[in-house]
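K.L.:
Mind having a look at this structure? Questions to follow.
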Amino acid sequence: MDVRVDDPNNPALADLLRAHVAEQHGNVPHGFAFALDADALSGPDITFLSAWDGDTLAGMGALKQLDATSGEVKSMRAAPDYLGKGAGRAVLDRIVATARARGYRRLYLETGTTAAYDAALALYRRAGFVSCPPFADYAASPHNQFFMLDLGEN
C-alpha cells in the first residue's frame, strides 16, 4: 500500500470522499456529524493522505493540527473493495508517524457511537487509542465518542 500526501480535491478521490461525508452525515442526527468535505480538508492545518494499491484508490485519511503538541485524525475511510484489507491501518500508521515526526504529544479523534463505527473503533483501539473526554471544540453527546493516543514526549 502506497500512502502519500494528496490533494483532497483530486478528482480520483471525489467519489470516496463524497460517500464518506454523506455516510457520516447519515449516521448521526444533524449537528453531530463532523466529516469534512474537500474544501475543508484543503485547509493549511490539515495534511490529507490517500492510500493506493497500484492505480487503485484504497483509502484516505487526514491529520489536523490542533496546536503545537497535538493533532486530530480526520476523514478515515477505506474504499469498499479494501475494507478489512489493511488500507485503514496503513493510513492510520502514516498519520501516527507524521504526528510523531512533528513532535506531537497527543493524537485525538472523534467518531460515532452506532454499530457502523465498530470496525473503525477496533482499528483505533488496536493502534493504542483510549477513550478520553471531548477535546477542541467538541461537546459530549450520545452520538459521538472521543479517543486519544499518547505519543509521549518527543
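K.L.:
Across the Cα atoms of segment 58-104, what radius of gyration and what greatest pairwise Cα-Cα distance (Dmax) are found, in Å?
P.N.:
When restricted to Cα atoms, segment 58-104 yields Rg and Dmax of 11.5, 36 Å.
K.L.:
Hey, what's the chain come to in accessible area per residue, 1.4 Å probe, Å²?
P.N.:
About 50 Å² of surface per residue is accessible.
K.L.:
Tell me the relative contact order for the chain as a rounded percent, counting alpha carbon contacts under 8 Å between residues six or more apart.
P.N.:
Worked out over the chain, it gives 20 percent.
K.L.:
Ignoring ligands, DNA and RNA, please state the percent of accessible area on the chain from carbon and sulfur, probe 1.4 Å.
P.N.:
51
K.L.:
Where does the chain land at 222 nm, in deg cm²/dmol rounded to the nearest 500, when only DSSP H runs of n ≥ 4 count, each adding -39500 (n - 2.57), divided by all residues?
P.N.:
-8000 deg cm²/dmol
K.L.:
Treating the beta-carbon of each Lys and Arg as +1 and of each Asp and Glu as -1, no other charges, what is the dipole magnitude of the chain about its Cα centre, to the nearest 20 debye?
P.N.:
Value, rounded to 20: 440 debye.
K.L.:
A further question follows. Quick one: pull the percentage of alpha-carbon pairs in segment 108-154 with a separation above 17 Å.
P.N.:
Every Cα pair in segment 108-154 considered, those over 17 Å come to 34 percent.
K.L.:
Once each part is reduced to its C-alpha centroid, what is the distance from segment 74-126 to segment 1-60 in angstrom?
P.N.:
Their Cα centres are 12 Å away from one another.
K.L.:
State the Kirkwood hydrodynamic radius of segment 1-120 in Å, one decimal place, computed from all pairs of distinct Cα atoms.
P.N.:
Mean inverse Cα-Cα distance, inverted, gives 14.5 Å.
K.L.:
Expressed as a fraction of 2.2 N^0.38 Å, the rule-of-thumb size for a compact globular protein of N residues, what is the C-alpha radius of gyration of segment 55-150?
P.N.:
Normalised by 2.2 N^0.38 Å, the Cα Rg of segment 55-150 equals 1.05.
K.L.:
Calculate the translational D of segment 24-89 in whole µm² s⁻¹ from Stokes-Einstein, where the hydrodynamic radius comes from the Kirkwood formula applied to all Cα pairs, the temperature is 10 °C and the viscosity 1.306 mPa s.
P.N.:
Rounded to a whole number, D works out at 121 µm²/s.
The values are calculated or read from the model by the stated rules, or taken from the named source; none is laboratory data. What you see is a predicted model, and the numbers here were worked out from it, not measured in a lab. So basically every Cβ, Gly included, is an ideal-geometry build from the backbone, and we count neighbours across all protein chains shown. Surface accessibility is based on the protein's heavy atoms, side chains included, excluding ligands, DNA and RNA. Shrake-Rupley method; radii C 1.70, N 1.55, O 1.52, S 1.80 Å.
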